[in-house]
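The values are calculated or read from the model by the stated rules, or taken from the named source; none is laboratory data. Predicted model only: the values in this text are computed from it and were never measured. Positions of Cβ are backbone-derived with ideal geometry, glycine not excepted, and every protein chain shown enters the neighbour counts. Heads up: the accessible areas ignore ligands, DNA and RNA and are worked out on the full protein's heavy atoms, side chains in. Shrake-Rupley method; radii C 1.70, N 1.55, O 1.52, S 1.80 Å.
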Amino acid sequence: MPLPWFHAVLKLLCLLASQRCLAYEHSMARSLAYLEKAVYCGREKFQKWDVGDSVTMAPKVNASQLRFVQSSEQAAAGIGRLIEPDGCFVAIRGTFGPISSLLDAVFWLMDFEHVLGCPSCQVVAGFYLAYLSIRDQIFHALAEFQCHQRPLYLVGHSQGAASLSYFLFDALMRKYTVQHMYALESPRPGNENFAEKLRALVGAADAWRVTHYQDLVPHLPPPGVFGYVHALPEIYYDTRNGTHYLECGVEDKNCSGRWWAWQLNTVDHDSFAQIYPCKCALPEARPESIWPPVAFLGSTSWVQTSMSTTFKERLMLLFG
């Protein structure tokens, strides 16, 4: 699969500097997706590592060093030590419950806390507030598990993927080593200043956002006048069922950006590469129908009756 020109240049510069340049690893992404699934099993099951097929499909964990953290905003994450590969992981849960859903709709921008590290950086308020509500708990668990000298394996889905971008920034500023970071089905996390600074911190590390076919969520919030942008390059799974993917740029019209707004749907948001990272148990059969909105912008007319009322209302508020 051809790389965008800037990835090719980046890899060449890394080779000239004798640095290690990490490429996307499909098998690792699938493996980390099972860590994300485990967080959706809840505190009790996660900390007992009674997490269904994640026990065998995720990287091997140290079951005595696991921590489930959660806030009153219903943000949650799982943190733990890995045995194979050696390291630590952070998996940030996506939207879960009414308060978390409400924060999903808080799309205005607010200042990012790192004034010195990221001047003029702004991030999406709802996603960032959710992250801040569990940030200290995550870093406390990492310190307790002696993770500062070990590589980190990071994953998040949906709102959790946006939160993972903020965590990635914080972890790199604190001199953690990030081995792999995969933000699954992430909405746009902030403005261009935040995106540029995060990419500069990441360098040539293996950090990507992963999108699936015609999923709506990576197109939110819309760029528009407020300047929302994605921060990381994209891995795009270009069929509804299957594992074929493309390595793409940051806002790439040849990848998920190829679709018109009315062609997007919510069905493709729950899975990628035939894994359902936001469900603890195996899901029921995928519905055959997908919704296209009758008119994505400037309309409140929608034609998917199976879409939750809460989600409809949030989109109506956003697009008028």
Open item on the list: Give me a comma-separated list of calculated 3J(HN,Hα) values for segment 233-248, in order, Karplus coefficients 6.51, -1.76, 1.60 applied at θ = phi - 60°, integers in Hz, x for any Gly or Pro.
Closed with: x, 10, 9, 10, 7, 9, 9, 5, 10, x, 10, 6, 9, 10, 8, 10
TODO: Order Glu44, Glu144, most accessible first, counting only protein heavy atoms with a 1.4 angstrom probe.
DONE: Glu44, Glu144
TODO: Would you mind calculating the relative contact order of segment 153-208 from Cα pairs under 8 angstrom and at least 6 residues apart, reporting the percent as a whole number?
DONE: 42
- [ ] Output the peptides 60-69, 200-209, 150-159 sorted from most to least packed, where packing is the average of other Cβ atoms within 10 Å over each peptide's residues.
- [x] 150-159, 200-209, 60-69
Task: Carbon and sulfur %, accessible surface of segment 176-230 computed with the full protein complex present, 1.4 Å - done: 55
Task: Net length gained if the chain between Ala23 and Trp260 were fully extended (0.36 nm per residue, minus Cα distance) - done: 82.4 nm
- [ ] Using only the C-alpha atoms of segment 86-244, find the volume of their convex hull and express it per residue in Å³.
- [x] 118
Task: Solvent exposure of segment 206-265 as accessible area per residue, Å², 1.4 Å probe - done: 38
